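> Before anything else, here's the structure in question.
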Amino acid sequence: MIKKAILPVAGLGTRFLPASKSIPKEMVTVVDRPAIEYVIKEAVAAGIEEIILVTHSSKASIENYFDRNFELETTLENKKKFDLLKEITEILPKHVSVISVRQPQPLGLGHAVLCAKSVVGEEGFAVLLPDVLVKENSTENDLTRMIQRFDASKAAQIMVEAVPEHLVDQYGIVDVAHSPKEGESIVMQGIVEKPAVDKAPSNLSVVGRYVLPAKIMQLLEQTPKGAGNEIQLTDAIAALQKLENVEAYRMKGQTFDCGSKIGYLKAVLHYGVEHPKLGEEFKQLIQELNL
Ligand code: G1P
């Protein structure tokens with residue numbers, strides 16, 4: 001079973017400036033909690049018990065958020081604010097641990113994943129890119145289905161969704177014989193990072209959720225710099241695919257790219273209207289705007 005997940009959070013978030021100038025983009029709030037909490041909860045819902053943050057010196061507030069804050073807890077307890085105390089102490093279940101390793105230089109996503117090599121050891125692991133929020137349409141999440149499929153087939157799972165043709169140059173794109181149904185996986189023939197629009201093998205884009213075998217680490221060690229002069233995870237997956245089956249898993253849920261400002265606003269709207277306490281009032285506010 002896959003129990004470990006790597007979350008690369010060392011990026012400086014230039015797409016989200018000025019907000020990300022002095023707070024990590026992952027800590028920008030979507031409704032009432034930081035974006036990264038949604039991603040970690042998604043991992044925990046899929047059975048992940050160890051979260052490995054690949055981080056940077058400017059991102060300590062992420063580690064602090066998932067740590068205890070004794071002073072705050074004591075203050076809330078003394079003031080008998082037990083509801084808030086429960087909220088901040090139950091962000092993660094007790095069996096889940098969050099550890100961090102540093103990415104000393106910004107050499108790309110592949111390099112970030114490689115920084116966690118000694119922590120994952122010989123086990124398979126998941127990778128979740130925290131810019132993207134995945135909102136499920138059903139109770140069982142897509143990552144759970146990918147992990148089940150990995151356990152059954154032993155093939156790496158790469159989550160994909162269809163994007164408009166003119167956007168393919170912004171993503172990793174997979175080459176498949178045909179598009180699988182939502183919730184299903186298909187063996188891929190190839191994968192390429194940010195292809196030109198007229199060279200893309202399909203319009204199925206890599207969403208930022210991966211389930212990978214430990215041997216991807218050896219492949220990453222041999223991966224030269226690729227697109228954007230960075231060590232690309234996509235290139236190591238392409239090398240893995242030459243050795244064994246790698247599958248594209250087509251997601252059922254909906255994605256929000258919180259690394260972009262408009263994607264972030266869309267996420268706030270969607271998560272806001274479904275918030276158990278604020279949702280109804282928020283919907284009314286939107287109606288009052290009468291745009
Ligand atoms: C990364 C991956 C890319 C993937 C994308 C999803 O790119 O390299 O394959 O499609 O995340 O968000 P980035 O957005 O970091 O440039």
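Every number here is computed from the coordinates shown, using simple stated rules; none is lab data. Remember, it's a predicted structure, so these values are computed and weren't measured experimentally. Neighbour counts are summed over all protein chains in view; Cβ atoms, including those assigned to glycine, are modelled from backbone coordinates with ideal geometry.
> Could you please report the charge total around Glu247, scoring K, R as +1 and D, E as -1 over all other residues with beta-carbon less than 12 angstrom from its beta-carbon?
Within the 12 Å Cβ shell, the charges total +2.
> Turning to a different aspect of this structure: In the range 170-274, which chymotrypsin sites (Phe, Trp or Tyr not before Pro) fall in coil by DSSP and have 16 or fewer other Cβ atoms within 10 Å?
Those that pass, being in a loop and sparsely packed, number zero.
> Loop-only check: which trypsin sites (Lys or Arg not before Pro) in the range 21-81 are DSSP coil with at most 16 other Cβ within 10 angstrom?
Arg68, Lys79, Lys80, Lys81
> Another one. On average over all directions, what projected area in square nanometres does the range 79-137 have, based on the convex hull of its Cα atoms?
Averaged projected area of the range 79-137's Cα convex hull equals 7.4 nm².
> Sticking with this one: Mind checking which of Val207, Thr55, Pro195 is farthest towards the positive end of the range 51-209's charge dipole, using Cβ charges of +1 (Lys, Arg) and -1 (Asp, Glu) about the Cα centre?
Thr55
> Put a dot 7 Å past each Cα toward the Cβ at Ala177 and Lys117; how far apart are the dots in nm?
Going by the 7 Å Cα→Cβ label model, 3.5 nm.
> May I ask you to list the trypsin sites (Lys or Arg not before Pro) in the range 237-291 that are in a DSSP loop and have at most 16 other Cβ atoms within 10 Å of their Cβ?
Counting only loop positions with at most 16 other Cβ atoms within 10 Å, the trypsin sites (Lys or Arg not before Pro) in the range 237-291 are Lys277.
> Ordered by residue, what ³J(HN,Hα) values in Hz, to whole numbers, does the range 106-112 give under the Karplus form 6.51 cos²θ - 1.76 cosθ + 1.60, where θ = phi - 60° and Gly and Pro are x?
So the Karplus estimates, Gly and Pro as x, are x, 9, x, 4, x, 5, 4 Hz.
> Counting Lys and Arg as +1 and Asp and Glu as -1, what is the net charge of the other residues whose Cβ lies under 15 Å from the Cβ of Thr14?
Around Thr14, the surrounding residues sum to +1.
> Rg(Cα) of the chain divided by 2.2 N^0.38 Å?
1.02
> Give the Rg (one decimal place) followed by the Dmax (whole number) of the range 146-291, computed from C-alpha coordinates and expressed in Å.
Spelled out, the Cα radius of gyration and Dmax of the range 146-291 are 18.1, 57 Å.
> For the chain, what does the helix formula give at 222 nm: sum of -39500 (n - 2.57) over DSSP H segments with n ≥ 4, over the residue count, nearest 500 deg cm²/dmol?
Helix contribution divided over all residues of the chain: -9500 deg cm²/dmol.
> I would also like to ask the following. How much of the DSSP bridge set in the chain is antiparallel, in percent, rounded to the nearest 5?
That works out to approximately 55 percent antiparallel.
> Now for a different question. Assigning unit charges at the beta carbon (Lys, Arg +1; Asp, Glu -1) and nothing else, what dipole magnitude in debye, to the nearest 20, does the chain show about its Cα centre?
Once rounded to the nearest 20, the dipole reads 340 debye.
> Can you sort Leu107, Leu76 from fewest to most other Cβ atoms within 10 Å of each residue's own Cβ?
Ordered by Cβ neighbours within 10 Å, fewest first: Leu107, Leu76.
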